[in-house]
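Scroll down for the structure; my scribbles are underneath it.
The values are calculated or read from the model by the stated rules, or taken from the named source; none is laboratory data. What you see is a predicted model; the values in this text were computed from it and never measured. Here the Cβ is made from the backbone with ideal geometry for all residues, glycine too, and neighbour counts use every protein chain on show. All accessible areas refer to the heavy atoms of the entire protein, side chains included, with ligands and DNA or RNA removed. Shrake-Rupley method; radii C 1.70, N 1.55, O 1.52, S 1.80 Å.
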Amino acid sequence: MTFQRARSEEQREIRRQAILDTAAAMLDEMPVAEVSLNELSRRVGLAKSNVLRYFESREAVLLELLDDFLESWLAELAEELAAGIEADAAPEVRAGRLAEILSRSLAGRVVLCDLFGAQGGVLEHNVSVEVVKRHKRSSLTRLATMTELVRRHLPELGDGTQLFCLLSLVSAGALSSYVPPPPSVLAAYADEPALGVLHLDLRDALRVAFTSALVGVLPRA
């Protein structure tokens, strides 16, 4: 891919989107930690200095992708929750369905979970205050959307809904760092099967975490 110099706002926006699309394609091939600015520049057909005209760092590109992926996921989650939770079911039944749908949905979006896992320790470094502020404002908007979705199906959570949603996303990022295990860990499990109890399936781990959190905050009869 090669570009002429962008001379209009429309051309600049096309260039920005091409950078984002290229970074997204890279994340389908490799984890966040392996996405480099040099390789991104090479694939998009721009000098690194030109990529930096649109995004101040690799981390800034990935933060914007995180927001884009989160927005898309929430739109799909709304449909999954509407189809999977019966409004007249008992609170504990709806809580169980919510935990199951959330865990299945997040476990199926490995790249989104990888970005969540890298957010605090990697992506929010090497970016300016303005980029952080823009990202955090967007994050609050997405969190409000998720909170409203969850509250719609489990109003019994009340004021704890936002905290549950935030911790769910943090948990998805943290747990996804263990999945899949590196080859050395898999070899250790094969050599000593008793160690396999430490092996995590992301969907199962998330379901247990979400169920435990929901049961803990539901009001007692």
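Rounded to the nearest 500, the helix-only mean residue ellipticity at 222 nm of the chain stands at -22000 deg cm²/dmol, with each DSSP H run of n ≥ 4 adding -39,500 (n - 2.57).
Would you mind calculating the relative contact order of the stretch 1-155 from Cα pairs under 8 angstrom and at least 6 residues apart, reporting the percent as a whole number?
Numbers: 102 pairs, mean separation 43.0, N = 155.
Relative contact order here is 28 percent.
Rolling a 1.4 Å probe over the protein heavy atoms gives the chain an accessible area of 55 Å² per residue.
In terms of the mean number of neighbouring beta-carbon atoms within 10 Å, the peptides 183-194, 10-21 order highest first as 10-21, 183-194. Classified by the C-alpha gyration tensor, the stretch 1-79 has an oblate form. Its axis ratio a/c, with a ≥ b ≥ c, is 1.5 or above, and a/b does not exceed b/c.
In what sequence, highest mean first, do 81-87, 143-149 appear when ranked by Cβ atoms within 10 angstrom? Before the final figure, lay out each step's value.
Details: 81-87: 13.1, 143-149: 16.7.
My ranking of the peptides, most packed first, is 143-149, 81-87.
Phi-derived couplings, Karplus 6.51 cos²θ - 1.76 cosθ + 1.60 at θ = phi - 60°, listed residue by residue for the stretch 118-129: 8, 4, x, x, 10, 5, 8, 9, 6, 9, 7, 4 Hz, with x used for Gly and Pro.
Give me the number: length gained by fully extending residue 136 to residue 49, i.e. 0.36 nm times residue separation minus the C-alpha to C-alpha distance, one decimal in nm.
On the way: separation 87, 0.36 × 87 = 31.32 nm, distance 2.62 nm.
Roughly 28.7 nm would be gained on extension.
Label sites at residue 195 and residue 36, each approximated as a point 7 angstrom past Cα along Cα to Cβ, lie 3.0 nm apart.
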